[in-house]
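Chemist: After the C-alpha cells below, expect a handful of questions from me.
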Amino acid sequence: MTQTPLMDAIYKSITTAPAALSRIALYIAREPQLVPNLSIGELASNTDSGQASVVRYCRLLGFQGFREFKIAFTGEIERDKARRVSRGISDDLSLDPAVTSVSTVLMESIAASAELMDLVEIKRLAVKLRVAQRVEIFGVGASSICAEIISHRLLWLGIRVHHILSPSIAYGIANTLDAEALAIGISYSGVTDETEKFLSAAKSSGADSIAITCRSDSLVALSAASTILLSVAGPWPEPGSSRLIPSVVLLSELLAAHLR
C-alpha cells in the first residue's frame, strides 16, 4: 500500500506513540489489508491491547473512534487498489502468489520512490560529490548495505567515498570533518540513533550533510542540512527487511547518470 497522509501518521506513530498504541500502529502498518474486516475487539485481541486503547489510538490519529478510522482507512485501501490497476500492477496468475506479492511490493517501492525523488536535489548532490574532498557514508543494519551499494557505485565513478561500518568510528570520524567534507547518513526509518548522531556531529564540525530516509520529519532528516526521500511502499518492513534496497539502486543509478 502506498504511503498517504493517514499511512504517514500511522508509520510515524509506530516510533512516537506510547507502547500500547505503538503495537496497534505496527499491526495496522504490517497488515493493512486485514484491518477493514476486523472489529474493534478483534483488532484489540490481535494487538494484545484493550478496546479502550484502540479508541485512544484512533483519537490520536484525529478520529472520533474506531468506526470513523475504519471508514477512512478502508477508503485509502480502495483508492490504493484503483491506483494499482491504473498503473497496470496486478496479480500474475502464472506466478506463485508469494513471488507475485514480493515482486509487486518491490516494484511499488521503486515507483513510489521515483515519485518522491527531487531531481534538483539529486543534481545538487552530484555536484557536491564532485567537489567534496572527502565523502563519508554511514548506515546501520540494512541501511549499511544501502550505504555500501551507493559507495561502490561512486567509487567506480572516481568519487573519494568511504563507507563506515562501525557506529563508534562513524561518530569519531564525523567530529574530524570540515567544510570540504560531505557526510551522508542512511536510515529508512529515520529514527536510527547512531545515524542521527553521525549527521549531527558532521554538521557541528562544519561539514555538509545529507540524510537519505523515508521520513522527512524524522530525527535523522532534521539532523542533516538536506534530505533525499525514498519510499518502502507497502506494509511496514519487518526487522532486517531489504525492501529499501531497490530504491537505493534507483538513486545510485540516477546519481551515476549525473556524474558521468
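Chemist: When both residues are 6+ apart or on different chains and their Cβ atoms are under 6 Å apart, which pairs have a first residue that lies in the stretch 28-39 and is farther than 17 Å from Glu68 by Cβ, and a second that is β-branched (Val, Ile, Thr)?
Modeler: What qualifies is Ala29/Ile10.
Chemist: Now for a separate question. Only one of these is charged (D, E, K, R) and within 20 Å of Glu108 (Cα to Cα): Glu42, Glu31. Name it.
Modeler: Selected residue: Glu31, the only one of Glu42, Glu31 that is charged (D, E, K, R) and within 20 Å of Glu108 (Cα to Cα).
Chemist: For the stretch 128-193, please list each of the strands (runs of 3 or more DSSP E) lying entirely inside it that holds at least 2 residues being in contact (Cβ under 8 Å) with a residue 40 or more places away in the chain and out of contact with any Phe, Trp or Tyr (no Cβ under 7 Å at 6 or more places or on another chain).
Modeler: Passing ranges, in order: 134-139, 181-187.
Chemist: Tally up the residues in the stretch 4-48 that are surrounded by fewer than 19 Cβ atoms within 10 Å (Cβ to Cβ), closer than 24 Å to Thr192 by Cα and either modelled with pLDDT of 90 or more or within 17 Å of the chain's Cα centre (by Cα) (or both), please.
Modeler: 10
Chemist: If you scan the stretch 4-17, which residues turn out to be outside any helix (DSSP H, G or I) and in contact with a Leu (Cβ under 9 Å, 6 or more places away or on another chain)?
Modeler: Let us first name the residues in the stretch 4-17 that are outside any helix (DSSP H, G or I), namely 4, 17.
Hit for the stretch 4-17 is Ala17, nothing else.
Chemist: Of all residues in the stretch 178-209 being crowded, with 23+ Cβ neighbours inside 10 Å and among the aliphatic types (A, V, I, L, M), which is nearest to Ala142 (Cα to Cα)?
Modeler: Among them, the one singled out is Ile186.
Chemist: Just the residues that are over 13 Å from Ile77 (Cβ atoms) and β-branched (Val, Ile, Thr), please, taken from the stretch 23-38.
Modeler: Result: Ile24, single match.
Chemist: Specify the residue that is modelled with the lowest pLDDT; the eligible residues are those in the stretch 217-228 that are under 28 Å from Leu106 (Cα atoms) and either crowded, with 20+ Cβ neighbours inside 10 Å or in contact with a strand residue (DSSP E or B) (Cβ under 6 Å, 6 or more places away or on another chain) (or both).
Modeler: It comes out as Ser218.
Yes/no per residue for (1) at positive phi; (2) at pLDDT below 95; (3) buried (at least 21 other Cβ atoms within 10 Å of the Cβ):
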{"position": "Glu121", "(1), (2), (3)": "no, yes, no"}
{"position": "Gln133", "(1), (2), (3)": "no, no, no"}
{"position": "Gly139", "(1), (2), (3)": "no, no, yes"}
{"position": "Ala147", "(1), (2), (3)": "no, no, yes"}
{"position": "Arg153", "(1), (2), (3)": "no, no, no"}
{"position": "Ile159", "(1), (2), (3)": "no, no, no"}
{"position": "Ile169", "(1), (2), (3)": "no, no, no"}
{"position": "Asn175", "(1), (2), (3)": "no, no, no"}
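The values are calculated or read from the model by the stated rules, or taken from the named source; none is laboratory data. This is a predicted model, so every value here is computed, not measured. Quick reminder, even Gly has a Cβ in these numbers, built from the backbone with ideal geometry, and neighbours come from all protein chains shown.
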